[in-house]
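K.L.:
Have a look at this one.
The values are calculated or read from the model by the stated rules, or taken from the named source; none is laboratory data. Here the structure is a predicted model, which means the values were calculated and not measured. Reconstructed Cβ throughout: ideal geometry from the backbone, glycine too, with neighbour counts over all protein chains shown. Accessible surface areas use protein heavy atoms only, side chains included; no ligands, DNA or RNA. Shrake-Rupley method; radii C 1.70, N 1.55, O 1.52, S 1.80 Å.
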Amino acid sequence: MSTTQTPPVLAAELAQAWADIQRYHPELPDLAAPESLIGESSSACGHELSFERLLHEAVHGIAAARGVRDTSRAGRYHNRRFLAIAEELGLDHPEEPHPSSGFSLVTLNPEAKRRYRPTIERLQRALKAHTAATSADSTTRTFRGPAARHGSSGGGVRVKAVCDCGRNVRVVPSVLAQAPIVCGGCGKPFRIPEIAGAA
């Protein structure tokens, strides 16, 4: 069945693209769960899945590694600390911050486009193949996640999930509820402590 075969291929391409970013930015932590990016469109970041989106996520990864708080308002507002790291990674934000999402809508600068051209082309091919496979199967909607359904103010806001060894990822709670996301470091599932007492 195409929907069970294609996501692992795309996850592998996402992991390889992430490794390409790590070559230039060694402090970037490993991508714990590439499949978590496949199942959602990010309303908080304003990007569909793409290399630009992956680089955006890498900014959050480096911020976490440095202990920098790069967002507020439940991860929605991207502040100037986020922008400073984004610029290090080759992302620009030419306009004033958006009132609700701040500097989230960053774009690749020309130097980053040149640096990552082979990576971008490889990932685009994998995304096209994945989109073709998932749209051919009318019984599934796995590529369009909760943010695509709810829009910019709905359930697509990502929150921090942590594992036992202290690593963290940002994830839409409904995506984490679909299946466990397991840490590559300690082998334990990520969980969202903030919602433990809520219901």
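K.L.:
Whose amide H sits under 5 Å from the amide H of ILE181, counting only residues 5 or more places off or on another chain, with H placed in the peptide plane?
P.N.:
PHE190
K.L.:
Can you list the trypsin sites (Lys or Arg not before Pro) in the range 44-116 that are in a DSSP coil and have 15 or fewer other beta carbons within 10 angstrom?
P.N.:
ARG69, ARG73
K.L.:
Using modelled backbone amide H atoms (1.01 Å from N, in-plane), which distant-in-sequence or interchain residues come within less than 5 Å of VAL159's amide H?
P.N.:
Counting only residues 5 or more places away or on other chains, the set is VAL171, VAL172.
K.L.:
List the GluC sites (Glu not before Pro) within the range 56-113 that fall in a DSSP loop (any state other than H, G, I, E or B) and whose Cβ has at most 13 other Cβ atoms within 10 Å.
P.N.:
Here the GluC sites (Glu not before Pro) that fit, given the DSSP loop and packing criteria, are GLU95.
K.L.:
Looking at the range 62-109, I'd like the Rg to Rh ratio, where Rg is from alpha-carbon atoms and Rh is Kirkwood's inverse mean 1/r.
P.N.:
0.95
K.L.:
If I model a spin label as a point 7 Å beyond the Cα along the Cα-Cβ vector, how far apart are those points for ARG81 and ALA179 in nm?
P.N.:
So the two model labels end up 3.4 nm from each other.
K.L.:
To the nearest 10 Å², what's SER50's accessible area with a 1.4 Å probe?
P.N.:
Estimated to the nearest 10 Å², SER50 gives 30 Å².
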